[in-house]
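The values are calculated or read from the model by the stated rules, or taken from the named source; none is laboratory data. Keep in mind it's a predicted model, so treat the numbers as computed, not measured. FYI the Cβ positions are ideal-geometry reconstructions off the backbone, even for glycines, and counts take in every protein chain you see. These area figures cover heavy atoms from the full protein model, side chains too; ligands, DNA and RNA do not enter into them. Shrake-Rupley method; radii C 1.70, N 1.55, O 1.52, S 1.80 Å.
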Amino acid sequence: MHEVKRNSSFEGTMRKNLVKMLDELGLHTYLNISSALDLFNDASHLVHTTSVLTYPVFYNGKNYSGTTPNILKTELLKKNIMEGFATEIGTIERPLIIPLGVNVTKVLKYLAGQDYMDANNILLGFPHPSGGNGHRHKQFAANKEQMKMMLQHYFSKEMTVG
């Protein structure tokens, strides 16, 4: 199962965009790997990919985009988040969480506000890497320096703690 997940996670254009942005932020240098692309190969043990919704969700016969209905105001979706993702992420010690898009960020901010995770471990401002996200480049550019500082802070704390 690990091999299947490693080979299929963010395959294609989405993976290419994700790797490019993570490399621009310098994540690979903190992890002592040559590129974030290694996270999908030899360094796959360093990454845990997951979703805030652990099961496929359809709304009006289409794949749920995370927008309508509101993910945090829909009891069924909120219950899935709390019983699935919140429980899962709680088993990982001090994870660096990279939310892919604004709707995931909204969920993570909510969970941090409820003390399910440390808000300082969330890389806020990271855009969804989909080729269909026309705002990806603008959002990344607007948040790039803030995200670089967050990574520097996260990894400097890790080095002094561990």
To the nearest Å, what is the center-to-center distance of the stretch 40-69 and the stretch 117-131, using C-alpha atoms only?
14 Å
For residue 148, list the lysines whose Cα falls under 23 Å from its own Cα; do not include residues on the same chain fewer than 8 positions away.
16, 20, 106, 109, 138, 157
If amide H atoms are modeled at 1.01 Å from N in the peptide plane, then the residues at a separation of 5 or more from residue 59, or on another chain, having amide H under 5 Å from its own are 64
Run through the stretch 78-162 and list the GluC sites (Glu not before Pro) located in a DSSP loop whose Cβ has at most 14 other Cβ atoms within 10 Å.
93
Please list, in chain and number order, the residues 5+ apart from residue 122 or on another chain whose amide H is under 5 Å from its amide H, with Hs placed from the backbone.
97
Residue of 132, 101, 26 that the Gaussian network model of the chain assigns the largest fluctuation, springs spanning Cα pairs under 10 Å:
132
Over the stretch 82-162, what percent of the accessible surface lies on carbon and sulfur atoms, probe 1.4 Å?
53 percent
Quick check on the chain: take the gyration tensor over C-alpha atoms, sort the square-rooted eigenvalues as a ≥ b ≥ c, and tell me if it's rounded (a/c under 1.5), prolate or oblate.
rounded
Quote to one decimal, in nm, the extra length available between residue 93 and residue 141 on full extension: 0.36 nm per residue of separation minus the C-alpha distance between them.
14.3 nm
Projected label distance in nm at residue 149 and residue 60, using a 7 Å step from Cα toward the beta-carbon:
4.0 nm
How do 28, 128, 137 stack up against each other in accessible area, from largest to smallest, with a 1.4 angstrom probe?
137, 128, 28
Grab the Cα-Cα distance for residue 13 and residue 118, subtract it from 0.36 nm times how many residues apart they are, and report the gain in nm with one decimal.
34.7 nm
Environment charge of residue 116, counting only residues whose C-beta is closer than 13 Å and scoring Lys/Arg +1, Asp/Glu -1:
-2
Using R₀ = 45 Å, calculate the FRET efficiency as 1/(1 + (r/R₀)^6) where r is the Cβ-Cβ separation of residue 73 and residue 34; round to 0.05.
0.55
Under 1.5 on a/c is rounded, so check that first for the stretch 71-162, then, if it is not, pick prolate when a/b is larger than b/c and oblate when it is not; a ≥ b ≥ c are the square roots of the alpha carbon gyration tensor eigenvalues.
oblate
